[in-house]
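Q: One structure coming up, written as structure tokens, with questions to follow.
The values are calculated or read from the model by the stated rules, or taken from the named source; none is laboratory data. The model shown is predicted, which means the values in this text are computed figures rather than measured ones. FYI the Cβ positions are ideal-geometry reconstructions off the backbone, even for glycines, and counts take in every protein chain you see. Quick note on the areas: whole protein, heavy atoms, side chains included, nothing else; ligands and nucleic acids left out. Shrake-Rupley method; radii C 1.70, N 1.55, O 1.52, S 1.80 Å.
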Amino acid sequence: MRFSAFSVGRKTALHSSEGFQPLLFDTVFVNPDGHFDLVAGHFVAPLRGLYFFSLNVHSWNFKETYVHVVHNEEAAVILYAQPSDRSIMQSQSVMLALAPGDRVWVRLFKRERENAVYSDDVDTYITFSGHLIKPEDD
């Protein structure tokens with residue numbers, strides 16, 4: 001196996017609770033080898049190598065958007081948008097060196113203000129995708 005890719009989406013909005021909250025997904029665009037665990041909301045690396053991940057969310061009017069892309073239990077990158085009277089599409093991407101079994105997932109974090117991401121049951125406003133760029137043994 002020299003390939004791994006997934007792309008998932010979420011059709012429901014999410015408001016943060018206290019502390020960290022995993023962002024779970026309800027729509028699968030592609031997940032040919034099942035490396036994305038839809039129940040846990042985690043991508044599990046099958047091979048050691050370099051991977052590319054992309055997160056897209058829609059901010060919610062007058063609410064903060066504060067989301068981490070997490071490698072195992074450590075925040076790798078943050079997607080942040082200040083509260084505004086306009087909702088805006090936001091994106092973040094990162095390349096990570098992963099070992100077999102490493103997990104990459106998304107979480108919301110509640111700070112002083114209400115934190116939320118917007119979506120609805122008609123359109124998919126939230127997407128998370130990733131793929132293997134280069135296995136380490138190449």
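Q: Roughly how many nanometres apart are two label points built 7 Å out from the Cα toward the Cβ at Asp123 and Leu24?
A: Rounded to a tenth, the inter-label distance reads 2.6 nm.
Q: For the stretch 66-138, give the magnitude of the charge dipole about the Cα centre (Cβ charges: +1 Lys/Arg, -1 Asp/Glu; no others), in debye to the nearest 20.
A: 260 debye
Q: If you take the C-alpha gyration tensor of the chain, multiply each eigenvalue by 5 and take the square root, what semi-axes do you get, largest first, in whole Å?
A: In descending order, the three semi-axes are 27, 15, 12 Å.
Q: Only sites in a loop by DSSP and with at most 16 other Cβ atoms within 10 Å count here; which trypsin sites (Lys or Arg not before Pro) in the stretch 41-138 make the cut?
A: The qualifying sites are Arg48, Arg86, Arg111, Arg113.
Q: Please compute the per residue accessible area over the chain with all protein chains in place, 1.4 Å probe, rounded to a whole number of Å².
A: Per residue, the chain has 50 Å² of solvent-accessible surface.
Q: Between Rg and the Kirkwood Rh of the stretch 63-126, both from Cα atoms, what is the Rg to Rh ratio?
A: 1.02
Q: Sticking with this one: For the chain, with all protein chains present and a 1.4 Å probe, just round the carbon and sulfur fraction of the accessible area to a whole percent.
A: Carbon plus sulfur share of accessible area: 53 percent.
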